[in-house]
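Single-structure report; data block below.
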Amino acid sequence: MDEQILKPGDRDYVGALASGLDVLQAFDAEHPRMTLSEVAARTDMDRAKARRFLLTLHALGFVKRSGRQFELTPRVLQLGYAYQASNQYRAVIQQYLEDITAELGESSSLAVLDGDEVVYVVRSAARQRLMAITLSVGTRLPAAYTSMGRVLLGQLPEDELEQFLRRVDLKALTPSSITSKETLRAEIYKAREQGYSIVDQELDQGLRSVAVPVFAGSGELLGAINISTNAARVTLETLMGVYLPRLQAIAEKVRQTTR
């Protein structure tokens, strides 16, 4: 098949399917239940169009309604299960990440790059919470301000990295956040050269993390794994001297056990 990505208006582009997916994606942790008007506003649709999609999704069992409120049903999980089931290596990585949490008492995750964000696809959470939001499988965070994001951006071909740098909007999320694109470029190149990235309190005050890329035995990039911790509890020296070697050892195990 032609690998060219379709655009809205192209003959083979199915706008109705795209709009239906937009409605599903409008629901998130901050918007678990919405009225028709709220869905229309979040998807930039008129009410009549949003209503047709909501009622169709309701008929298919992906959305339920209670009075004026709509919310997703567990059937939506079937869409994600197919993706998870097609990537068996994640069961292996899940066990390794759980071993990290048991040994170090820290949260550890595997993420992949999706556009300008990283998406968590495997997660082993420690008991203590590190951020105001709850991180879980499916959580999306800005690639520019995460250690996993910078590692994965470092694996992009040069033209794709340049496109990312041209379009990314850098905002100071904390006093430590990088706001210069040239500084971000340097950090991404640094992650590419040294094979790891450390992000210190740029995404959230007090959050410190280290990440490395993970490859299959075939050389395929599977994603990036990280350990995230509290800056008041774990020093940069510990992150470098203890946590980084642990991640690198796991990445090597994954390479040896996946094809």
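Within the range 114-130, track down each residue that is open to solvent by 30 Å² or more (accessible area, probe 1.4 Å) and touching a residue at least 60 places away in the same chain (Cβ under 8 Å). Across the range 114-130, the qualifying residues are Q128, L130. Those residues that are assigned to a strand (DSSP E or B) and of a type in the set (S, T, N, Q), I need them from the range 215-232; list them, please. Those that are assigned to a strand (DSSP E or B) and of a type in the set (S, T, N, Q): N226, S228, T229, N230. Screening A224, A231, A216 for residues that are of a type outside the set (V, I, T) and free of Cβ contacts under 8 Å to residues at least 60 places away in the same chain leaves exactly one candidate, A231.
For the range 22-40, the set of residues classified as open to solvent by 80 Å² or more (accessible area, probe 1.4 Å), of a type outside the set (S, T, N, Q) and out of contact with any Phe, Trp or Tyr (no Cβ under 8 Å at 6 or more places or on another chain) consists of A29, E30, E38, listed by residue number. Checked against the criterion of being on the phi < 0 side of the Ramachandran plot, of a type in the set (S, T, Y) and under 17 Å from the mean Cα position of the chain (by Cα), the candidates S176, S218, S180, S228 yield just one match: S228.
One residue stands out in the range 189-214 among those that are part of a loop (DSSP other than H, G, I, E, B) and among the charged types (D, E, K, R): the one that is farthest from L161 (Cα to Cα), namely D204.
Counting only residues that are modelled with pLDDT under 70 and surrounded by 11 or more Cβ atoms within 10 Å (Cβ to Cβ), the range 59-86 holds 2 of them. For the range 141-182, the set of residues classified as of a type in the set (D, E, K, R) and either modelled with pLDDT under 90 or buried (at least 18 other Cβ atoms within 10 Å of the Cβ) (or both) consists of R150 only. For the range 1-53, the set of residues classified as part of a strand (DSSP E or B) and among the basic types (K, R) consists of R33 only. Among residues of the range 183-221 being at pLDDT below 95, hydrophobic (A, V, I, L, M, F, W, C) and open to solvent by 40 Å² or more (accessible area, probe 1.4 Å), the one that is nearest to E158 (Cα to Cα) is L221. Count of the range 1-33 residues, restricted to those that are of a type in the set (A, V, I, L, M) and in contact with a helix residue (DSSP H, G or I) (Cβ under 7 Å, 6 or more places away or on another chain), is 3. Looking across the range 231-248, the residues that are under 23 Å from the mean Cα position of the chain (by Cα) and open to solvent by less than 50 Å² (accessible area, probe 1.4 Å) come down to A231, L239, Y243, L244, L247.
The values are calculated or read from the model by the stated rules, or taken from the named source; none is laboratory data. All values reported here derive from a predicted model rather than from experimental measurement. Cβ: placed from backbone, ideal geometry, glycine included. Neighbour counts: every protein chain shown. Please note that ligands, DNA and RNA were not included when accessible areas were found on the heavy atoms of the full protein model with its side chains. Shrake-Rupley method; radii C 1.70, N 1.55, O 1.52, S 1.80 Å.
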